[in-house]
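So the structure is just underneath, and the comments pick up after that.
Rule-based calculations on the coordinates, nothing more; no lab input. Because the structure is predicted, anything quoted here is derived from the model rather than measured. With ideal geometry, Cβ positions are generated from the backbone for all residues, glycine too; neighbour counts draw on all protein chains shown.
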Amino acid sequence: MSAMARTIAAAVVADLNAATLSQSVVFEREYVPREALESVSDLAGGVIAAAERARLDSRAAWAHEYDIDIGVQKKFGSDANTESDALADFVEEIADYFKTRNPSGTSARLTAIDLLWPNGVDEHRTSYKLFTGVVRLTFRLVRTNS
Amino acid sequence: MAGEILGRDCYLYYNSATHASPTWVLIANAVDVSLSGDKNYGDVSSRVSAFKKNKAGLLDMGLSFGYRYKQGVTDSVFDALRAKALASTPTEMFIADGPSGTAGSEGIRAFMDLSFGRDEPLEDGVLCQFECKHVVAYESGSMVEPDWHTTT
């Protein structure tokens with residue numbers, strides 16, 4: 001991930017870990033999820049810079065967009081739907097948290113929030129009894145040509 | 001480079017000095033520059049021909065461009081353009097296909113009056129939209145006409 005993407009991801013991590021959320025989890029900045037699917041057990045949180053795009057903004061500047069993914073994973077027990085509902089609510093809570101704030105420590109502005117539910121992937125749910133939820137934050141930053 | 005070019009490869013300037021001895025100031029933060037040239041026609045038809053006959057009348061010329069606005073940043077170019085717009089100061093513009101300091105750069109050069117507005121879209125950059133219209137201008141008692149200017 002680029003230097004600016006790392007800066008934004010770090011700002012998101014710091015903001016999340018300072019927040020008062022309904023579930024207790026420490027978020028870490030990662031390149032890939034730090035635990036293998038089969039090893040995930042307790043609630044785990046990670047922040048990954050997923051993508052970066054640049055488009056011409058003017059003759060002198062480019063507008064960069066950074067997708068920062070906040071991932072939440074947990075192995076569920078016998079009552080899959082009830083546990084998954086609670087975790088889905090937590091993912092939505094994280095999304096709602098960022099609707100009213102822009103992480104400090106970065107001049108990039110938050111412009112979009114997506115909720116992704118890759119639970120339809122057999123590998124997560126059926127093979128590993130794993131709930132996975134992702135909040136994708138998209139930040140925009142205009143950078144003048146040097 | 002010779003050949004087809006993109007809009008981003010062009011250059012827009014305003015003159016901060018005189019027509020006779022210009023100082024071209026680059027408008028770097030321009031977005032989507034558009035030069036328009038309209039022409040009126042007079043009807044000179046008669047029974048001589050079954051076709052309607054037109055004769056060219058007066059030319060009109062306009063220029064529009066967006067300017068990417070920045071908050072809290074010293075921007076002398078925007079400050080100058082804004083002041084000229086608010087004071088209705090005729091301003092010579094050069095809509096060039098290359099840098100003014102490079103010989104062979106070409107484009108229309110004309111005195112314009114500027115006006116502007118500001119768009120503030122929810123999720124996109126704030127843009128000041130400048131609309132310019134060719135106006136009469138004199139220098140040393142002589143009218144300065146628009147021309148196709150080539151830098152030397």
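Annotations
- Residue exposure sequence - A:Met4, B:Met93 - by fewest surrounding Cβ within 10 Å: A:Met4, B:Met93
- Under Karplus coefficients 6.51, -1.76 and 1.60, residue-wise ³J(HN,Hα) of region B:41-54 in Hz, glycine/proline x: 10, x, 8, 10, 6, 7, 5, 4, 9, 6, 9, 5, 10, 10
- Counting DSSP beta bridges with both ends in region A:5-91, the antiparallel % (nearest 5): 75
- Neighbour counting of Cβ atoms within 10 Å sorts the residues B:Glu4, B:Glu120, fewest neighbours leading, into B:Glu4, B:Glu120.
- Farthest toward positive dipole pole in the protein assembly as shown [+1 Lys/Arg, -1 Asp/Glu at C-beta], among A:Gly105, A:Leu21, A:Ala61: A:Ala61
- Placing unit charges on each Cβ (+1 for Lys and Arg, -1 for Asp and Glu) gives region B:1-84 a dipole about its Cα centre, and among B:Asn15, B:Tyr41, B:Thr74 the Cα reaching farthest toward its positive end belongs to B:Tyr41.
- Pairs from B:Lys70/B:Lys133; A:Lys99/B:Lys84; B:Lys39/B:Lys70; B:Lys53/B:Lys84 whose Cα-Cα separation, in the structure shown, is over 30 Å: A:Lys99/B:Lys84; B:Lys39/B:Lys70; B:Lys53/B:Lys84
- Cβ-placed point charges (K, R +1; D, E -1), dipole of the protein assembly as shown about Cα centre in debye, nearest 20: 960
- Of the residues A:Ile68, B:Ile5, A:Ile94, A:Ile48, the one with the fewest other Cβ atoms within 10 Å heads the list, and the complete ranking is B:Ile5, A:Ile48, A:Ile94, A:Ile68.
- Across peptide B:28-40, the mean count of Cβ atoms from other chains lying within 10 Å of each residue's own Cβ comes to 2.
- Of the chymotrypsin sites (Phe, Trp or Tyr not before Pro) in region B:1-107, those whose Cβ has at most 13 other Cβ within 10 Å and which sit in DSSP loop: B:Phe51
- Cα gyration tensor category, rounded, prolate or oblate, for chain A with a/c compared to 1.5: prolate
- Qualifying lysines (Cα of each under 20 Å from Cα of A:Lys129; at least 8 residues distant if same chain): A:Lys74, A:Lys75
- Per-residue ³J(HN,Hα) for region B:19-29, Karplus 6.51 cos²θ - 1.76 cosθ + 1.60, θ = phi - 60°, Hz, x for Gly and Pro: 5, 5, 9, x, 10, 7, 9, 6, 9, 6, 8
- Rounded, prolate or oblate (a/c below 1.5 giving rounded, otherwise prolate when a/b exceeds b/c) for chain B by Cα gyration tensor: prolate
- Trypsin sites (Lys or Arg not before Pro) lying in DSSP loop within region B:48-152, provided at most 13 other Cβ fall within 10 Å: B:Lys52, B:Lys53
- Taking every alpha-carbon pair in the protein assembly as shown and binning the separations at 10 Å intervals from zero gives 5, 21, 20, 15, 13, 11, 8, 4, 1, 0 percent.
- Selected from B:Leu59, B:Leu12, B:Leu122 as most flexible by GNM, with chain B as the system and alpha-carbon contacts under 10 Å: B:Leu122
- Rounded if a/c under 1.5, otherwise prolate or oblate - region B:81-152, Cα gyration tensor axes: oblate
- Low-density loop positions, GluC sites (Glu not before Pro), region B:88-132 - DSSP coil, at most 10 other Cβ in 10 Å: B:Glu123
- Charge-dipole axis of the protein assembly as shown as Lys and Arg at +1 and Asp and Glu at -1 on Cβ define it, positive-most pick from A:Ser84, B:Val144, B:Val126: B:Val144
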